[in-house]
Amino acid sequence: MTDASTTQTRKLAPARPTWHVVLVRPETMTFFLLIFGLVGASYLSPFFLDMNYILRSFTLTAEMSIVALVLTMVVISGEIDLSPAANMALSACIFAWVQDAGVPMPLSVIVGLLAGLAMGALNAFMSIRMQLPSIIVTIGTLIFFRGLAQVLAGDRSIRVPDSFIGINTVMVVGIPLPVVIFFIVAIILGLVLGATVIGRQIYQIGTNQEAALHAGINAKRIKVGLFLVLGLVSAAAGMMAASRLGSVRYDLVLGGELQMVLMAMLGGTYIFGGRGTILGTFLAAWLLVIASTGMTVANLLPAIQLTVLGILLIVAIIATNFIYARTQR
Amino acid sequence: MEGLPMLIEARGISKQFGGVDVLSDVDLDLHAGEIHALLGENGAGKSTFAKILAGIHRPTRGKLRLNGQPVDVSSPIAAQKLGIALIHQEPISFPDLSVAENIVMGRQAGGLLSRVPWAKIIADARRYLDMLGVSLDVTRPMRGLSIANQQMVEIARSLASDSKLIIMDEPTAPLTPREVDTLFNIARRLREEGRTIIFISHRLEEVRMLCDRVTIFRDGAHIATQTIDSISDDEIIKLMIGRTLKKYMRKHMAAIGETALEVSNLSLPGAFEDVSFTLRRGEIIGLGGLVGAGRTDVARALFGVAPAASGQISIGGVGATINKPSEAIELGLSFVPEDRAGHGIFSTLSVEHNLTAAIPNLIAPSGFISRKREHGISSQAVDDLSIRLASLRQPIVELSGGNQQKAILARWLLTEPKILILDEPTRGIDIGVKAEFYDMIGDLAEAGRAILLISSELPELLSLCDRILVMSEGRITAEFPRETATQESIMQAAVPRTGMAA
């Protein structure tokens, strides 16, 4: 096929202006929404800009936010996991049940963490080794883990010892410990994703797994690793929730998987992989807290709050995709 | 032959894809009741022409007449109504529906909500299969039928819509010799009924056995139409390849050094068999052959993407097992794949991230990526290969095809490979950039790298390579040193003539 008509000197696309580059970053929209939420909420209620109140509210969702940070990496790699909330509940139930049966506390914690790791391994085995779609696999394990938790705990609450209760009341330089952990995890994962080879390869796998394979990148190993880390972190988050609540029931953070996915999506993570940042999910976690506490102090009905959150997600996704599509030629 | 009435008259059919002429001003007459072969190299425009007749593509220019009446084949449905059917090489069907439903598909009378006339569907389907002399349980699902039987179902479907023109696009490639016989008998029977068949194939033997006339396409143009008895195989091959492109010459030949890669008896059932060759430093070996001859499969096996089932690979005189690309890279291999978009680039990621994808240890000696190092390495690579871009940060998909390809080549050169496998490196690239590529490939050989070049462009193989191996149906069928290789000899070895697929 000869192609004499195309000239050699094809016009080059001009480099993008900086504002353009910033605007299409996945977390830009989240950031604007966050500012908008802060201004709006403080306008609705003068009591809102009480830092302690916001921080205390954040502790209620800090565990899920931590898990959402890891989930973000899983989604960027082109997979998804809908089971972490169920994992949190089952790990916490196993932990509480084991220590209720007389196993010493440190050992119980390890058992809980191992349980979470095993759940991650199950997801990894089916999604990566058996190559089943992870969305189906983890819907299955979401129900399975939740069911096991119910078998184990029945309808009762398993108490945890008093010495274990109250992670949310521990203050580090005036900030509740769960929030501090969230910050630390965000910084670590942000560095891993943004500045290491593994992080770079997660984006490459999520963009084009075949090309990643041809470039010598071990996509399977990285994805398995991500599922394992997600399982482990979910278990830790489950036990943090147990400490905050003082007891464990099978319905711990019931439906939390949607909120985690919401945080990742609101932070600009692309559901089909390849795009997204830890900073985006970090900002989105704050945005959700500020939006809901803002609405609470403004005395909005819970039903309306839910509606607003739904609209928020839809607007964020439309805006991000619109800007992205506009700037791609 | 001349006495037969005219079925199709195509005049000035042209097709452009993205500004590239795929077909230009093709005139072709098809008689009623003939079997007409379409021949040509890969990319000569045979399939495009077939798809225009079948309404899958619309011609950019040109007119079609059917039985003397001007027609507009605007869609596959229009083609079906006009009595034109295309039988695909790998039949497209509805695997979970029954054979009968697949045969009468799209022709059921009645409204959307009317009752399905099962008894009639089954009876009709049986009747059409009987016309072909094929016995199949029409109530069984398509899934699990052999490819040959799936083709029969497609042919039966074309009878169900009373097709006057049946186009078979390389139908025999996946068939066993016995199945080929059955297909030919059916084709002849259809001819007796006054139907016309277009038969697209690479196998001259089959064309000679079956067809009445042949038409040869080259570079999107109609070259010749002759009765099969009035043209020899050698003449056909000559017409298929005769080119006007000016020849590119390598500036220097590199000194050939010690053995870099030795492959012996490499086999992967269904893809290639008993492949052996030796590649030395500074040498460029060309791998010629038709699409589907197994060349890419050999490359993928060497690079560990889809490892061979048996055989030995030794690199630098040491036996090697390569089960995944990372192991191949470790051993000094590089592979520029044919499918750039699917296997090469990370389209939405930056040029920089694309360039450094295969050298993680170089850009992150401490574990953390050094932006400065990465930037230095990638700007150097951009300069070395004169990749035209606006910024290293721009998504690679914004670059032209040739520059994307240079970036992929640059990615691999950064790994300092001893052995480079290039699979159709200049496909879809402007002529000017092509020459640059040829220079680069020559320079790489001079620098002592061993190069395996897969190409379907014969002039490219002839001008660049020290030796040319030709593959056909999974086997190496010929080896030519640079001096004695000609387009004719390569094509002779590439075209399967026996028609006896394994």
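Only the coordinates and a few stated rules stand behind these numbers; no lab work does. A quick note: this is a predicted structure, and the numbers were derived from the prediction, not measured. Glycine also receives a Cβ, built like all others from the backbone with ideal geometry; neighbour counts cover every protein chain displayed.
Please return the longest range in chain B lying between exposed loop sites, taking GluC sites (Glu not before Pro), DSSP loop only, at most 13 other beta-carbon atoms within 10 Å, and leaving the sites out.
Details: sites that count: B:2, B:193, B:258, B:483.
Free of exposed loop sites, the longest segment is B:259-482.
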Can you give the angle from 0 to 90° between the axis of helix A:105-124 and the longest principal axis of chain A, with both taken from C-alpha atoms, to the nearest 10?
40
Neighbours of residue B:365 by Cβ distance under 14 Å: Lys/Arg at +1, Asp/Glu at -1, summed charge +2
Would you please name the trypsin sites (Lys or Arg not before Pro) within segment B:361-416 that are DSSP coil residues with at most 10 other C-beta atoms within 10 Å of their C-beta?
none
Give the average, rounded to an integer, of partner chain Cβ atoms located within 10 angstrom of each Cβ in B:407-416.
1
Give me the Kirkwood hydrodynamic radius of the protein assembly as shown in Å, from all C-alpha pairs, to one decimal place?
31.1
When Rg is the radius of gyration of the Cα atoms in segment B:129-241 and Rh is its Kirkwood radius, what does Rg/Rh come to?
1.01
Residue-normalised 222 nm signal for chain B, counting each DSSP H run of n ≥ 4 as -39,500 (n - 2.57), nearest 500 deg cm²/dmol, is -9500 deg cm²/dmol
Quick one: helix A:219-245 against the long Cα principal axis of chain A, what's the angle to the nearest 10°, folded into 0 to 90?
40
Size of electric dipole in segment B:260-398: Cβ of Lys, Arg +1 and of Asp, Glu -1, about Cα centre, debye, nearest 20:
400
Projected label distance in nm at residue B:56 and residue B:435, using a 7 Å step from Cα toward the beta-carbon
3.6
Loop chymotrypsin sites (Phe, Trp or Tyr not before Pro), segment A:174-280 (other Cβ atoms within 10 Å of the site Cβ: 13 or fewer; DSSP):
A:272
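Would you mind calculating the relative contact order of chain B from Cα pairs under 8 angstrom and at least 6 residues apart, reporting the percent as a whole number?
Values: 993 pairs, mean separation 79.3, N = 502.
Here the relative contact order equals 16 percent.
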So how do A:107, B:82, A:287, A:266 line up by other beta-carbon neighbours within 10 Å, fewest first?
A:107, B:82, A:287, A:266
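Could you size up the charge dipole of chain A around its Cα centre, putting +1 on the beta carbon of Lys and Arg and -1 on that of Asp and Glu, and report it in debye to the nearest 20? Present the calculation step by step, with values, prior to reporting the outcome.
Details: 18 positive and 12 negative charges, 166 e Å.
Here chain A has a charge dipole of around 800 debye.
Give me the dipole magnitude in Debye, nearest 20, for the protein assembly as shown about the Cα centre, with unit charges on the beta carbon: positive for Lys and Arg, negative for Asp and Glu.
Working: 72 positive and 73 negative charges, 366 e Å.
About 1760 debye.
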If one compares the long axis through the Cα atoms of helix A:51-76 with the longest principal axis of the Cα atoms of chain A, the angle in degrees, nearest 10, works out at 50
Expected output is a single nm value to one decimal: the length gained when fully extending between residue B:258 and residue B:146, i.e. 0.36 nm times separation in residues minus the C-alpha distance. What is it?
35.5 nm
For a quick check: with amide H placed at 1.01 Å from N, whose amide H comes under 5 Å from residue B:421's, ignoring anything fewer than 5 positions away on the same chain?
B:334, B:335, B:336, B:452
Would you kindly derive the ³J(HN,Hα) couplings of segment B:466-480 from the backbone phi angles with the Karplus curve 6.51 cos²θ - 1.76 cosθ + 1.60 (θ = phi - 60°), listing them in order in whole Hz, with x for Gly and Pro?
7, 9, 10, 9, 10, 10, 8, 6, x, 10, 7, 9, 6, 9, 10
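For segment B:349-410, build the convex hull from the C-alpha positions and give me its volume per residue in Å³.
Numbers: hull volume 4.4 nm³, N = 62.
In segment B:349-410, the Cα convex hull volume per residue is 72 Å³.
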What share of all Cα pairs of segment A:49-327, in percent, falls into each consecutive 10 Å distance bin?
7, 28, 35, 23, 6, 1, 0
When the charge dipole of segment B:6-241 is computed with +1 on Lys and Arg Cβ and -1 on Asp and Glu Cβ about the Cα centre, the Cα farthest towards its positive end, among B:117, B:197, B:75, belongs to B:117
With no solvent and one equal point scatterer placed on each C-alpha of chain B, evaluate the Debye formula and give log10 I(q)/I(0) for q = 0.09 Å⁻¹, two decimals.
-0.74
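What number do you get for segment B:6-241 when its Cα radius of gyration is normalised by 2.2 N^0.38 Å, N = residues? Write down the numbers at each step before the final one.
Working: Rg = 17.9 Å, N = 236, 2.2 N^0.38 = 17.5 Å.
With N residues counted in segment B:6-241, Rg over 2.2 N^0.38 Å equals 1.02.
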Once you put a point 7 Å from the Cα of residue A:183 and another 7 Å from the Cα of residue B:229, both along the Cβ direction, what distance in nm separates them?
9.4
